[in-house]
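Every read-out reported here was derived from the displayed coordinates using simple, explicitly stated rules and does not represent laboratory data. Just so it is clear, the structure is predicted and the values come from calculations on it, not from any experiment. For neighbour counting, all protein chains shown are included, and Cβ atoms are generated from backbone atoms with ideal geometry for every residue, glycine included.
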Ligand SMILES: Cc1cc2nc3c(=O)[nH]c(=O)nc-3n(C[C@H](O)[C@H](O)[C@H](O)COP(=O)(O)O)c2cc1C
């Protein structure tokens, strides 16, 4: 039986898929002691270690813009597409939406200071790293601090809560320092991916 609460939930479901939710499964609601809040959600995701990237692009007057981002996910192989989740108020995000292209700089194990710098909000972040605009890419690349970089073309984006999910079709890929392991972040700590 559908209660009024459940009916309201169905109406306000923001899932844009064309599949109707099955009643009585996801709609029952959590037990109070299991309810998600900011603290418990952060703790949950801290237990899901990821690689660390700097997402970069060019802003007004060709100024380099970039931010640390660990919310990166492979979406599709054909065409090669990834997604990145960027805070809605980010100046880097605003520049990406204007420019329509961005680089995903996959940081290597020695680049923890760069991850911290590009996560700090420091206005002079590009003065403190080595970078260049790769010929024909049109985006800044942190060539000292990466093991690989992808250049992406924005194909879609969607605002979800306080972040925007940006879908990028990968147009170019380059590997830089293949001997270096990827930098990882989880449980509020950095670590290099174990060699071997
Ligand atoms: C390890 C790490 C991972 C982060 N991941 C993300 C992320 O996935 N999305 C996001 O919006 N901010 C993330 N941040 C925070 C941003 O890097 C930070 O807010 C930064 O100042 C944003 O740059 P902006 O000033 O250009 O917006 C992360 C920070 C760190 C240190």
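What is the distance, in nm, between label points placed 7 Å from the Cα along the Cα-to-Cβ direction at residue 31 and at residue 133?
Between residue 31 and residue 133, the label points sit 5.8 nm apart.
Using the per-residue mean of other Cβ atoms lying within 10 Å as a proxy for protection, in what order, highest first, do the peptides 160-173, 50-63 fall? Walk me through the intermediate numbers first.
Details: 160-173: 15.9, 50-63: 19.4.
The peptides rank, most packed first, as 50-63, 160-173.
Using Cα pairs under 8 angstrom and six or more residues apart, how large is the relative contact order of region 157-196, in percent?
Values: 23 pairs, mean separation 8.8, N = 40.
It rounds to 22 percent for region 157-196.
Among rounded, prolate and oblate, which fits region 120-172 when a ≥ b ≥ c are the square roots of the eigenvalues of its C-alpha gyration tensor, a/c under 1.5 means rounded, and a/b larger than b/c means prolate? If you can, show how the numbers build up before the last one.
On the way: a/c = 2.57, a/b = 1.28, b/c = 2.00.
Judged from the Cα gyration tensor, region 120-172 comes out oblate (a/c at least 1.5, b/c at or above a/b).
Using the Cα gyration tensor of region 50-186, with a ≥ b ≥ c the square roots of its eigenvalues, what is the shape: rounded (a/c below 1.5), prolate (a/b larger than b/c) or oblate (neither)?
Working: a/c = 1.26, a/b = 1.14, b/c = 1.11.
Cα axes put region 50-186 in the rounded bin.
Expressed in nm to one decimal, what extension gain is obtained for the pair residue 158 and residue 38 from 0.36 nm per residue of sequence separation less their Cα-Cα distance?
Gain on stretching residue 158 to residue 38: 41.1 nm.
With an 8 Å Cα cut-off and a minimum separation of 6 or more residues, compute the relative contact order for region 50-186 in percent.
Numbers: 309 pairs, mean separation 42.0, N = 137.
Relative contact order for region 50-186 comes out at 31 percent.
What is the distance, in nm, between label points placed 7 Å from the Cα along the Cα-to-Cβ direction at residue 73 and at residue 173?
2.0 nm
Obtain the nm distance between the two label points defined at residue 100 and residue 18 by a simple spin-label model: each point lies 7 Å from its Cα along the Cα-to-C-beta direction.
Inter-label distance under the simple model: 2.7 nm.
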